[in-house]
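What follows is a set of notes on a single structure, which appears directly below.
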Amino acid sequence: MADARLALLILALPFLGSLVAAFLPARARNWASILAGVVTLGALALLFGFYHAVSDGITVRYIEPWLPSLGLDFTFRITGFSWLFALLILGIGALVVLYARYYMSPKDPVPRFFSFLLAFMGSMLGIVLSGNLLQIVFFWELTSLFSFLLIGYWHHNQSARDGARMALITTAAGGVCLLIGFLLLGRIVGSYDLDKVLLAGDLIRTHDLYLPTLILVLIGAFTKSAQFPFHFWLPHAMSAPTPVSAYLHSATMVKAGIYVLILLWPVLAGTGTWYLIVTTAGLTTLLVGAWAAIFQHDLKGLLAYSTISHLGLITLLLGLGSQLAAVAAIFHTVNHATFKASLFMAAGIIDHETGTRDLRKLSGLVHYMPVTATLAMVAAAAMAGVPLLNGFLSKEMFLAEALEAHSGTFLDWALPMLATLASMFSVFYSLRFIHQAFFGPPPTELPRTPHEAPHWMRLPVEILVLLCILVGTIPALTIGPFLDMAVQSVLGSRTPAYSLAVWHGFTLPLLMSTIALVGGVTFYRLFGGRLNTMTSPPIIGRLKGRRTFEVVLAALIDGARAAYRLVSTSRQQVQLRLLVVTAIAAGGLPLLSLGYSFGTLGPTLLDPVFAVLWLLGSAAAIGAAIQAKFHRLAALAMVGVAGLSTCISFIWLSAPDLGLTQLLVEIVTLVLLLLGLRWLPQRFPEFWRDDQVPFKVRVRRSGDLVLAVMGGVGVAAIAYAIMTRPAPSGISDFFMQRAYPSGGGTNVVNVILVDFRSFDTLGEITVLAIVALTVFTLLRRFRPAAESIELPDQQKVQNAFDDAHDDNAFGDTAEHYLLVPRVIMEWLFPFILTCALYLLARGHNLPGGGFAGGVTASIAIILLYMANGTRSVEARLHVQPVRWIAAGLLCAAATGAAAWLFGYPYLTTHSSYLDLPIIGEIPIASALLFDIGVFAVVVGTTVLILIALAHQSIRTPAARRSATSSPVDSDSQERSA
C-alpha cells in the first residue's frame, strides 16, 4: 500500500505547479502547458498508487496536527468514492490541459490560465480528499475563488466579468450556509472528523438541529451544483474559455455540490424532509434545464442548460432515498462527466475552427469536419441515452427508480411520467445539436472556413468518446470495479445488489426509454424548424435568473448604503465618537446586570516619584487636547510626553518588555505622524478663540468632553475593582512554570508570543502586512490638497523643500534646519542596527524579541531618510519592503510547518543547547526563526508606510506639475518598493 503521506503530495502538486506557472513569462505557452501536464499526470500516478488499498475497502488516512485541542487537524482521507472523484478531477483535468494547449491563443497570457486551472484543480482535490468538515469548507471556498478567476479570465469582456461575479457571489453565499451547516453538524456529533460524522447518522437525524442543518447544507450544495432556483449562474459562466467550461461543468465545480450530497447521504437522507426538499429541487431542475436547453442557439448555452438538467437528475436520484437510487446517482455522475466534457470540447473545436457557436449559422459541418462531427454525434447520443452508450445505462437505472414507490405521495405516480418527459427533452436538444451543426446545406455566413482541428486537440475528445462506448458496451469490465468500490465506501453494509448488464430483457424502463427516444425524435421533426426564430423558452421565459440576481444584489447594496448612512459618516470625528460610545456601552452593560463592588484589598502606598510621573503624563495629555486647536505640532509633542510617561510606568511596574516596545513604537509613530500632519485640513483662525466658536461646535465639544470623562472614569473604576482583588494565580503560574521547560526561554512574554500563542502572532503580523500594503496602495496616487502645519517659519522651510533637487520628504537642501547633523545620523545607523539585532537575538530570554528588534531597525532606516532623503536612501540601500514582508511571512509560516516534518502540530517549537568550541553551550530555540519572521515583517511594513508617506508629504514643483502621478508609480520606485 502506498504511503499515506503521498495523499498530501497529491494535493500539493497542483498548488506548487500553479505557483511556478504564475512566474512564467506571459508568452511561455508551451512551457506552461508542459508544466500543467506533468503536474497533473504526476498526481494521477500517485493516486493510482492507492487503488489496491481502496479497492480492498481500506480507508487511507493521513493526519497533520493543527489544533488538536479544538479537534481541528489537517486530515486527508481516501476512500473508494473520493478516489473515483479524484480520478475524474485529474483524468479529465489532464485531457483539458492538452486541449487547452491548442485552444488558447498565443496572444493570451497562457501561463496565468494554467496557474488558475491548477489552483482550481488543487482546490477540488482538497474537497474530495479532506477528512474534516471545516477543511472541506476551506477548499470549497477556494473553488469559488479560482472559478471566479477562470470564468473572468478574459477580463476585457464585460460578459466574462459579469458571469464571474455572479458565480462568485452565488456560490460564496452558499459556502457561508455550508459552513454554518457543518458547524451545526460538528456540534451535534461533537467532532468535525468526517469518519465520526458518518457514523452518527441516527443521532443527526433525530437531533433538534437536524432541520436547520439539513437546509443550510442543501443550500450550499444547491448553489454550487446549480439547482433550481440557484441555477441561473451556470449559463452565464459560458463566457469562460471552453477548456474552463469543459472542466467546470463535467468533473469539477458543479460536481462539488453533488459530491457533498452523496458523501452525507448516509447521515442526512432517509427522512421525509430530505425526500421532499431534495426530490422537488432535483425534479424541478431536471425539467427546467432540459426545457430551456431546447431553445438555446449557442452551443455552449445548450450544453450549459443540459448540464443543469443532468445535475437535477442526479439530485433527484439522491432525493429518492433508496440505495439503488444512490448507486444510479454515482454511476450517472461518472457518465455525465465523460460525455459532457467531450461535448464541450467538441463545441470548442467548432467555435475555434468556424469562428461561431451559433446554431442558426452552423450547418453541414460533417463535410468539413467529419472526425469532429462523428465524435460529437456519439457524445450527444450518450447524453440522449441511446443504447450501447454509457448514458443509456445510468438513465435506465434512473427510470427504474422513478417507477418505485418511495413516499406514498403524488410524486410516486407523477415521477415516471415526468422522468420520461425529461428524457424526451434530452433527446430533443441532443438531436438539435447534431442535426443543425453537422447536417444540412453548407454554411454560408461563417467568419472562418471550417476545417478539422489538429489531431492533438481532438485526442482528448476521442479518448472520452471511446470511454462512452466502452462503458456502454462492456460496463462490468470497465466502470464496474471503480463503481463498486465507490458504492461500497458510501453505503457500506447497505450496498444493494445491482447489475450493469447491457440487456435486462423487455422491461418497463426500456419501454419508457423507447418512448423518450421516439418522442424526442418526433417532436424535433414537428417543431425543430421553428426553434431558430424563438428568442426565449416558452412558459419559463419570464423566469430571468440574471434579472432576479441583479435586483436582489442591487437591493442588498442599497440596504447596505442606507445602513451606512444611518450609522456612519464621512467625518472621522463622528466615527470615533461612535466607537467610543460602543466601547462605553460594552463595558457598562455587564455592570448594570452584575453590579459593581470593590475588592477586599486595601490601597497601596503611592510613591511620590510615581505620582509626579503620572501628573506630568496627565498634564501632557490635557495639554495635547488643548493645543490641538491651535498648534498641532505642539500637541503631537505633548502626546509623545504622555506616551513616554506610559513607557516609564510599564518599567516601574516590572513590565520591561512592554515598556521597551512602547518606547520604540512611540518613536516610529511620532515620525510617521509628523509626515502626516501636513495632510490634515487647514485650521480657520476665527475658530481659535472660544468667544467666536459656533454654538454647534461648542455642543459637539461638550459632548466629546462628556464621553471622555465617562470613558476615563469607567476604565478607572474597572481597573480599581480589579486591582483591589487578589490576582488569579492559575494563568500566570502556568506560563511562569512552563515557559522554560516547554518553550526554552526565560522571557515569559516572548515565549507566549512565539510559542504558546504563536498562531495569534502569525495572524497579527499577517494583518500588519495587509495594513501596510493597503496604506501604500491608497497613497500611491493620492496628493494632499493643502499645507496645514501652522509653524511660524513654515513658508521658509517649505521653500527650502520645494527647491530641493529631488522630492524627498526630509529634503536635502533643508539639511541646516535639522537639529542633528547628517553625519551623526548616518553614524547612528550601524549602531542602532546592531542594537536591533541584539534585541532580536536575546528576546527569548531577556526583554526584546522580533517586534522590538524590527521597530528598532525601522528607526535606523528612518534616520537615514531624515539625513539623506528618500531617493538617496533607496538608491544606496535598495530598500524593498514588500520583499521583507513576504520573506517574513514565509519564514514564520515555514517555521510552523517544519514541526510537521517531526510529527508535531503546526507551530510547535523545539529548544536545545548548541555547544560551541570556545563559547560553550548556548540555548537555542526554533522560535528564533519565527521571531526573525516577525522582525522582517515589522521592518517591511514600517518602511513601506514610510515610503508611502515620504514620497507624498513634500511636493516639488515638478511633482505639482504632475499631480496625477506619484514617485512610487515609476518603474524604479516600484522595484525599490
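The values are calculated or read from the model by the stated rules, or taken from the named source; none is laboratory data. All of these numbers come straight from a predicted model, not from anything done at the bench. Counting neighbours? That spans all protein chains shown, and the Cβs are built from the backbone with ideal geometry, glycine included.
I'd like to check which helices (runs of 4 or more DSSP H) are fully inside region 165-225 and have at least 3 residues that are among the hydrophobic types (A, V, I, L, M, F, W, C) and more than 30 Å from H236 (Cα to Cα).
194-198
May I ask you to list the residues in region 7-23 that are closer than 16 Å to L87 by Cα and polar (S, T, N, Q)?
Answer for region 7-23, where residues must be closer than 16 Å to L87 by Cα and polar (S, T, N, Q): there is none.
Among the residues of region 909-930, is there at least one that is out of contact with any Asp or Glu (no Cβ under 9 Å at 6 or more places or on another chain), surrounded by 24 or more Cβ atoms within 10 Å (Cβ to Cβ) and modelled with pLDDT of 50 or more?
Within region 909-930, none of the residues are out of contact with any Asp or Glu (no Cβ under 9 Å at 6 or more places or on another chain), surrounded by 24 or more Cβ atoms within 10 Å (Cβ to Cβ) and modelled with pLDDT of 50 or more.
Scan region 700-717 and tell me whether some residue there is polar (S, T, N, Q) and either within 26 Å of L578 (Cα to Cα) or modelled with pLDDT of 85 or more (or both).
yes
Here are some residues: G163, G131, G174. Which one is outside the structural domain of R546 (by TED's automatic domain parsing), over 19 Å from Y259 (Cβ atoms), crowded, with 19+ Cβ neighbours inside 10 Å and not polar (S, T, N, Q)?
Result: G163 is the single residue among G163, G131, G174 that is outside the structural domain of R546 (by TED's automatic domain parsing), over 19 Å from Y259 (Cβ atoms), crowded, with 19+ Cβ neighbours inside 10 Å and not polar (S, T, N, Q).
Restrict the check to region 122-133 and report whether at least one residue is touching a strand residue (DSSP E or B) at 6+ places or on another chain (Cβ under 8 Å) and of a type in the set (S, T, N, Q).
yes
Of all residues in region 70-88, how many are in contact with a helix residue (DSSP H, G or I) (Cβ under 7 Å, 6 or more places away or on another chain) and part of a helix (DSSP H, G or I)?
9
Output yes when any residue across region 223-243 is farther than 30 Å from V465 by Cα, surrounded by fewer than 22 Cβ atoms within 10 Å (Cβ to Cβ) and in contact with a helix residue (DSSP H, G or I) (Cβ under 9 Å, 6 or more places away or on another chain), and no when none is.
Yes.
How many residues does region 325-372 hold that are touching a residue at least 60 places away in the same chain (Cβ under 8 Å), of a type in the set (D, E, K, R) and in contact with a Lys or Arg (Cβ under 9 Å, 6 or more places away or on another chain)?
Of the residues in that region, 2 qualify.
So which residues in region 736-756 are surrounded by 11 or more Cβ atoms within 10 Å (Cβ to Cβ), more than 21 Å from L660 (Cα to Cα) and without any contact (Cβ under 8 Å) to a residue 60 or more places away in the chain?
Q737, R738, Y740, S742, F756
With of a type outside the set (K, R), within 41 Å of the chain's Cα centre (by Cα) and under 24 Å from H310 (Cβ atoms) as the only criterion, which of A381, A400 stands out?
A381
Look through F610, F523 and report the one residue that is more than 30 Å from K395 (Cα to Cα) and either of a type in the set (G, A, S) or touching a residue at least 12 places away in the same chain (Cβ under 8 Å) (or both).
So the residue among F610, F523 that is more than 30 Å from K395 (Cα to Cα) and either of a type in the set (G, A, S) or touching a residue at least 12 places away in the same chain (Cβ under 8 Å) (or both) is F610.
Are there helices (runs of 4 or more DSSP H) fully within region 1-69 with at least 1 residues that are of a type in the set (K, R)? List them.
Here the list reads 29-48.
Provide a single number: the residues in region 477-516 that are surrounded by 14 or more Cβ atoms within 10 Å (Cβ to Cβ), in a helix (DSSP H, G or I) and among the hydrophobic types (A, V, I, L, M, F, W, C).
11
Within 24 Å of W456 (Cβ to Cβ), β-branched (V, I, T) and part of a helix (DSSP H, G or I) - does that describe any residue in region 103-116?
Yes, region 103-116 contains a residue that is within 24 Å of W456 (Cβ to Cβ), β-branched (V, I, T) and part of a helix (DSSP H, G or I).
Do you know which residues across region 406-442 are more than 16 Å from A290 (Cα to Cα), hydrophobic (A, V, I, L, M, F, W, C) and either touching a residue at least 60 places away in the same chain (Cβ under 8 Å) or touching a Phe, Trp or Tyr at 6+ places or on another chain (Cβ under 7 Å) (or both)?
L411, A437, F438, F439
Within region 665-676, can you find the residues that are more than 15 Å from T941 (Cα to Cα) and either at pLDDT 75 or above or not in a helix (DSSP H, G or I) (or both)?
Hits for region 665-676 are E666, I667, L670, L673, L674.
Can we say A634 is among the small types (G, A, S), part of a helix (DSSP H, G or I) and out of contact with any Gly (no Cβ under 9 Å at 6 or more places or on another chain)?
Answer is no for this residue.
Here is a list: L605, L591, L615. Which entry is over 18 Å from L705 (Cα atoms) and either among the basic types (K, R) or surrounded by 13 or more Cβ atoms within 10 Å (Cβ to Cβ) (or both)?
Exactly one residue qualifies, and that residue is L591.
Quick one: would you say V386 is over 41 Å from the mean Cα position of the chain (by Cα), aliphatic (A, V, I, L, M), more than 18 Å from Y275 (Cα to Cα) and not in a helix (DSSP H, G or I)?
Here the answer is yes, as V386 does meet what is asked.
If I filter region 40-89 down to residues being aromatic (F, W, Y) and in contact (Cβ under 8 Å) with a residue 40 or more places away in the chain, which single residue comes out as surrounded by the fewest Cβ atoms within 10 Å (Cβ to Cβ)?
Y62
Residue check: is A373 surrounded by fewer than 24 Cβ atoms within 10 Å (Cβ to Cβ), more than 32 Å from the chain's Cα centre (by Cα), of a type in the set (A, V, I, L, M, F, W, C) and assigned to a helix (DSSP H, G or I)?
Yes.
Let me confirm something: among A841, A852, which residue is modelled with pLDDT of 85 or more, part of a helix (DSSP H, G or I) and crowded, with 20+ Cβ neighbours inside 10 Å?
Unique residue meeting the criteria: A852.
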